[in-house]
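Here the structure comes first, spelled out in structure tokens, and everything after it is commentary.
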Amino acid sequence: MEISEAHARELEKQAVRKKELKAQVGADLAGVDSILFEAGCGHGHWLTSYGETHPEQVCVGIDLISWRIRKCLDKCTKRGLDNVHFYKAELLEYLEVLPESIRFDRTVLLFPDPWPKAKHHRRRMVQTAFLDELAKRTDMGNTFCFRSDDRPYFEWTIEHLEAHPNWEIDASAVWPHETETYFQELMDEYFSVVAKRV
Ligand SMILES: C[S@@+](CC[C@H](N)C(=O)[O-])C[C@H]1O[C@@H](n2cnc3c(N)ncnc32)[C@H](O)[C@@H]1O
């Protein structure tokens, strides 16, 4: 199939960006066996607070938006956190460049964009392919923690977890760390679920 010059340039830029991201991630996480991973970390409130109280845990947050990641990095600098890393990256792209040997102790998704229209549901971060990928990187008993103010997205996540052979909802699990994120502060109510790798 023929592609336009503009499209070819865009693909070339994407390839360069991905190569740079891979090099950066490889250098930052050299020697690291496992991480706590937060997708769509926004301004980094939750992860910096978690990282500060768990200095032994290597933490990684990613977000699509550059200025949000700059805010995250400023928080790390101000608090002297060397166990917390942030990257501007798209979720699936990040999972592609992350060294295969790195395991996820825990994955956290807080107030992800709900994409309310049915035709946009495929843009939600929770998808079977994402849960498959997480399952590959997560040891038995380790968890995926999801929180949203959006009831339909919460129910979508429950359905995807219940249908997945490698995840089991753990109703007795305690939420790993409470601190208000930027979006949590704006919401009157929210719903949480923790699933463990089985
Ligand atoms: C509503 S905000 C919530 C931010 C933060 N978790 C909080 O609770 O304050 C959702 C975030 O997810 C990010 N995001 C959405 N889709 C993403 C994707 N595919 N990969 C990485 N980040 C994504 C957005 O850029 C946005 O910052």
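Looking at ARG122, ARG106, just one residue is of a type in the set (Lys, Arg) and either within 30 Å of VAL16 (Cβ to Cβ) or modelled with pLDDT under 95 (or both), and that residue is ARG122. Summed over the stretch 74-109, the residues that are farther than 14 Å from ALA39 by Cα, polar (S, T, N, Q) and touching a residue at least 24 places away in the same chain (Cβ under 8 Å) give a count of 2.
The set of residues from the stretch 71-107 being within 16 Å of the ligand (Cβ to nearest atom), more than 13 Å from the chain's Cα centre (by Cα) and of a type in the set (Val, Ile, Thr) comprises VAL84, VAL97. Scanning the stretch 161-186 for residues that are more than 18 Å from LEU134 (Cβ to Cβ), away from the ligand (no atom under 16 Å from the Cβ) and either among the small types (Gly, Ala, Ser) or surrounded by 14 or more Cβ atoms within 10 Å (Cβ to Cβ) (or both) returns ALA171, SER172. Applying a threshold of 8 Å to beta carbon distances and a minimum spacing of six or more residues, or different chains, the list of pairs starting in the stretch 20-43 at a residue that is crowded, with 20+ Cβ neighbours inside 10 Å and ending at one that is part of a loop (DSSP other than H, G, I, E, B) and hydroxyl-bearing (Ser, Thr, Tyr) reads GLY42/THR181; HIS43/THR181. If you go through the stretch 44-65 and keep only what is surrounded by 20 or more Cβ atoms within 10 Å (Cβ to Cβ) and either basic (Lys, Arg) or not in a helix (DSSP H, G or I) (or both), you end up with GLY44, VAL58, CYS59, VAL60, GLY61, ILE62, ASP63.
So that you can scan it fast, the table gives a plain yes or no per residue for (1) among the hydrophobic types (A, V, I, L, M, F, W, C); (2) more than 23 Å from GLY51 (Cα to Cα); (3) in contact (Cβ under 8 Å) with a residue 40 or more places away in the chain:
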site	(1), (2), (3)
ALA129	yes, yes, no
GLY141	no, no, yes
GLU162	no, yes, no
TRP175	yes, no, no
THR181	no, no, yes
GLN184	no, no, yes
SER192	no, no, yes
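Each row is one residue, and each column tells you yes or no for (1) among the β-branched types (Val, Ile, Thr); (2) within 14 Å of VAL97 (Cα to Cα).
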site	(1), (2)
GLN14	no, yes
LEU21	no, yes
GLN24	no, yes
LEU29	no, yes
CYS41	no, no
TRP46	no, no
GLU52	no, no
PRO55	no, no
VAL58	yes, no
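The values are calculated or read from the model by the stated rules, or taken from the named source; none is laboratory data. Note that the structure is predicted; figures quoted are calculated from it, not measured. Counting neighbours? That spans all protein chains shown, and the Cβs are built from the backbone with ideal geometry, glycine included.
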